[in-house]
Every structure is written in C-alpha cells, then in structure tokens.
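Nothing in this text is a laboratory measurement; each read-out follows from the coordinates by a stated rule. Not measured: the values here are computed from a predicted model. A quick note on method: Cβ atoms are made from the backbone with ideal geometry, for glycine too, and the neighbour counts reach across all protein chains shown.
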Ligand code: URA
C-alpha cells in the first residue's frame, strides 16, 4: 500500500474506532491532516478551530494564513510538508484539548508519524510539544531543535498566539526560518543515532 492510502486508512480508522464520541458529535467533521505523505517536515498543532472544522483541513484560518506565509518564506508550501493536530475534532468553543482526548488520538498521530517518517517534527505551540517533550517549557525550548529517541523535534510558539503579539511574532518567524538549516544539519549528520542538540 502506498503512503497516501495508508494515511487515508488512519483517518478512516479514527471514524470506525469511534475515537472521542463526544467531540465527534459536536464537530462538523474529522480534520485528519493534510500534505505530502513523503514530507520531510511534519507540523503538529493543537486542534481544529471553526474554519478547520468547516473545511476539514488543518490551519486554514488566520493562524493558517500566517503559517502559509512562513512556509513560503523558506520556499515550502502546504503540499511538500504535512500538517496535522494532536486532536482531530474541534473541541467545543475552542477550549483546550483534555488530557483524555489527547491520549485517545495519540495512537493515530503515532501511525501518521510512522507512515510519513518525517526528518523533522515541528510543534506548533506548547500543547503539541507537551505530548512528546513534557519536561520542556515552550518559553525556553522554542526555536531549538533536539533529538529524542532518534527523532528530531523543533518546538515553536503557536502561530495563533504570535499572530497579534509583535515580539512573539518576530521570534516565531526567526525560529521558523531556522528550519532549512536544521534539515541541512540532519542530512549532514555522520551518526543519526547520536543525541544531539542543534543550537
Ligand atoms: N490551531 C491549531 O492548533 N490547529 C489548527 O488546525 C488550527 C488552528
């Protein structure tokens, strides 16, 4: 089976397995993720908002527009990265995802990662970062790539949080612009198993 079909199957399984039935009844549709199944970079956000719920695609509102601009700034677009969320139905009134909701979606997020095998996973905001790197604080960890269990991660501020906050916005753009360098360092690494911090 090719990777695109495998990703489609993950989305189908979320529905047939009945993940988070309470969230499902309040949502318009599932927002499984979008982009290239062979993407080198995978972006993981928090959960769909109103626009995403309506369109069935992640990051298509104001934060998504900002994300698209930052992608264009480093010569990428939505088709050559993969974008998803830790929780794939819109929480009511855009509340934060609950720990049990994050836990329920985790196996499916892990399956998406296993299929895509991204070189770099970029967390958009602290909720996504906390799932994988609970020991870190986003205020200190943002913009620094690190390797854990063989996977390289880059925590970033959430684009929605940074959108209207001048200082944070510029920090996010600066951090985001490090992605090509980080990918280059990953490609150049002599020993990919080595635990290494990219400053
Ligand atoms: N914020 C997120 O975290 N995810 C989306 O898909 C949209 C906004």
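Things to note:
- Between the alpha-carbon centres of segment 24-84 and segment 154-168 there is a gap of 16 Å.
- Neighbour-count ranking [beta-carbon atoms within 10 angstrom, fewest first] of 37, 139: 139, 37
- One decimal place: the segment residue 140-residue 177 gains 11.6 nm when fully extended, by the rule 0.36 nm per residue minus the C-alpha distance.
- Semi-axes of the equivalent ellipsoid for segment 22-83, Cα gyration tensor, largest first, Å: 23, 13, 8
- Exposure proxy order (Cβ contacts within 10 Å, fewest to most) of 1, 70, 129: 1, 70, 129
- DSSP bridge analysis restricted to segment 60-165 gives an antiparallel fraction near 40%, rounded to the nearest 5.
- Pair residue 77, residue 114: separation of 7 Å Cα→Cβ label points (nm): 3.3
- Between the Cα long axis of helix 3-16 and the first principal axis of the chain there is an angle of about 40°, rounded to the nearest 10.
- Cα shape, segment 94-199, gyration tensor, a/c 1.5 rule: oblate
- Calculated diffusion of the chain, Stokes-Einstein form, Kirkwood radius summed over Cα pairs, 20 °C and 1.002 mPa s, µm²/s: 126
- Label point at residue 149 placed 7 Å out along Cα→Cβ; residues across segment 14-42 whose backbone nitrogen lies under 18 Å: 42
- Maximal additional length on extending the residue 95-residue 28 stretch stands at 22.5 nm, based on 0.36 nm per residue less the C-alpha distance.
- Between the helical axis of 179-188 and the longest alpha-carbon principal axis of the chain there is an angle of about 70 degrees.
- Packing-based exposure ordering (other Cβ within 10 Å, fewest first) of 122, 31: 122, 31
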